[in-house]
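> First, the structure itself, so that you have it in front of you.
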Amino acid sequence: MRYQPFLASLLLVLSVLACNFPSAAVVTPTATIFLSTNTPAQPSFTPIPSNTALPAASALPTIANTPTVPVASPKDVAVNCRFGPGTAWVAISALNIGQASQIVGKSSDSSWWNIVDPFNSSRNCWVSASVTNASGNLAPIPVVQAPTASVTNVSVRVDPGTIAVAGCVGPLLPVKFTGTIEVNGPTSVKWYFDTQQGGALPTQTTDFQTFGSKEVTAEYTPTLTAGNYWVRLIVTTPNSVQSETRYTIQC
């Protein structure tokens, strides 16, 4: 058949052409995966507390009250503040209405307070507990012993102070010495007169049941010699103190 060579040629041409065409490639799309660098925060883990026994209840601390300074003040009227614990002692100061003074001691029977003198803080004096109000911490107040009474003043005089004797011819009459002794409380006082002409007279003792003054006397006959002479009242107990005066003999 005349068509066979034509078909063979056509097939040959198509074969050659087929070899020259690129083969069809199958493109497979690639998926790009983007990884986030921001890592989500994980929730913090709080452990569930276990059943722990509560601490045992402890006693509350005791609050100590700060002690207050003990003071005394008058109840109704001003009161005397005395040298010693009792009315037998001289008043040396006073505690007036509206005043209060620190208590620093008490008598052995607690009937008198030893306080700081309201008018002289360098010394103490005594007020009766029965006429004063006491406040503050009174428990630690110590017992204070009563002071020792003393002679606070002495004086002496001579009667007569002047002895006139015509021609210095005797006899002379005795002269009288009178002394005054003052004390601040109950005590026993030893004393004597001393003279320039005749020396010391005997020692005497005078008892005081309370504060105040007493007179002591003695008589003495001087030597008949014109002149001016001293006489002294000398206290030796409970303390030493003396006073002096003079008398005159004229001829």
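> Could you list all residues from the stretch 215-251 that are over 29 Å from T152 (Cβ atoms), open to solvent by less than 30 Å² (accessible area, probe 1.4 Å) and in a strand (DSSP E or B)?
Within the stretch 215-251, G227, I249 meet the criteria.
> Residue under question is G136, and the condition is that it be under 29 Å from the mean Cα position of the chain (by Cα) and surrounded by 12 or more Cβ atoms within 10 Å (Cβ to Cβ); does it hold?
Working: under 29 Å from the mean Cα position of the chain (by Cα): yes; surrounded by 12 or more Cβ atoms within 10 Å (Cβ to Cβ): yes.
When the stated conditions are applied, G136 passes them.
> Within 28 Å of S240 (Cβ to Cβ) and out of contact with any strand residue (DSSP E or B) (no Cβ under 6 Å at 6 or more places or on another chain) - does that describe any residue in the stretch 133-140?
There is no residue in the stretch 133-140 that is within 28 Å of S240 (Cβ to Cβ) and out of contact with any strand residue (DSSP E or B) (no Cβ under 6 Å at 6 or more places or on another chain).
> Would you mind finding the one in G167, G179 that is open to solvent by less than 30 Å² (accessible area, probe 1.4 Å), out of contact with any helix residue (DSSP H, G or I) (no Cβ under 9 Å at 6 or more places or on another chain) and either among the hydrophobic types (A, V, I, L, M, F, W, C) or in contact (Cβ under 8 Å) with a residue 40 or more places away in the chain (or both)?
Being open to solvent by less than 30 Å² (accessible area, probe 1.4 Å), out of contact with any helix residue (DSSP H, G or I) (no Cβ under 9 Å at 6 or more places or on another chain) and either among the hydrophobic types (A, V, I, L, M, F, W, C) or in contact (Cβ under 8 Å) with a residue 40 or more places away in the chain (or both) holds for just one of G167, G179, which is G179.
> I'd like the residue in the stretch 118-133 that is touching a Leu at 6+ places or on another chain (Cβ under 9 Å) and not hydrophobic (A, V, I, L, M, F, W, C) and, out of all such residues, is least open to solvent (accessible area, probe 1.4 Å).
My answer is T132.
> Just to be sure, is T152 among the β-branched types (V, I, T), in a loop (DSSP other than H, G, I, E, B) and surrounded by fewer than 18 Cβ atoms within 10 Å (Cβ to Cβ)?
It is false that T152 is among the β-branched types (V, I, T), in a loop (DSSP other than H, G, I, E, B) and surrounded by fewer than 18 Cβ atoms within 10 Å (Cβ to Cβ).
> Another question about this same structure. Residue check, T205 against (1) surrounded by 13 or more Cβ atoms within 10 Å (Cβ to Cβ); (2) assigned to a strand (DSSP E or B), all met but one. Which one?
Going through (1) surrounded by 13 or more Cβ atoms within 10 Å (Cβ to Cβ); (2) assigned to a strand (DSSP E or B) one by one, T205 breaks only (1).
> Can you tell me which of (1) part of a strand (DSSP E or B); (2) in contact with a Phe, Trp or Tyr (Cβ under 9 Å, 6 or more places away or on another chain); (3) surrounded by 17 or more Cβ atoms within 10 Å (Cβ to Cβ) is the one R157 doesn't meet?
Unmet for R157, out of (1) part of a strand (DSSP E or B); (2) in contact with a Phe, Trp or Tyr (Cβ under 9 Å, 6 or more places away or on another chain); (3) surrounded by 17 or more Cβ atoms within 10 Å (Cβ to Cβ): (3).
> A further question follows. Hey, among the residues in the stretch 182-191 that are open to solvent by 10 Å² or more (accessible area, probe 1.4 Å) and outside any strand (DSSP E or B), which one's farthest from G86 (Cα to Cα)?
Checking each candidate, the answer is N184.
> List every residue pair whose Cβ atoms lie under 6 Å apart, where the two residues are 6 or more positions apart in sequence or sit on different chains, the first residue falls within the stretch 212-226 and is over 28 Å from Q250 (Cβ atoms) and touching a residue at least 12 places away in the same chain (Cβ under 8 Å), and the second residue, located anywhere, is β-branched (V, I, T) and in a strand (DSSP E or B).
S213/T180; K214/I181; K214/T206
> Among (1) of a type outside the set (S, T, Y); (2) more than 20 Å from N184 (Cα to Cα); (3) in a loop (DSSP other than H, G, I, E, B); (4) open to solvent by 40 Å² or more (accessible area, probe 1.4 Å), where does I141 come up short?
The failed condition is (4).
The values are calculated or read from the model by the stated rules, or taken from the named source; none is laboratory data. The model shown is predicted, which means the values in this text are computed figures rather than measured ones. Cβ atoms come from the backbone with ideal geometry, glycine included; neighbour counts cover every protein chain shown. These accessible areas exclude ligands, DNA and RNA; they are computed on the full protein's heavy atoms, side chains included. Shrake-Rupley method; radii C 1.70, N 1.55, O 1.52, S 1.80 Å.
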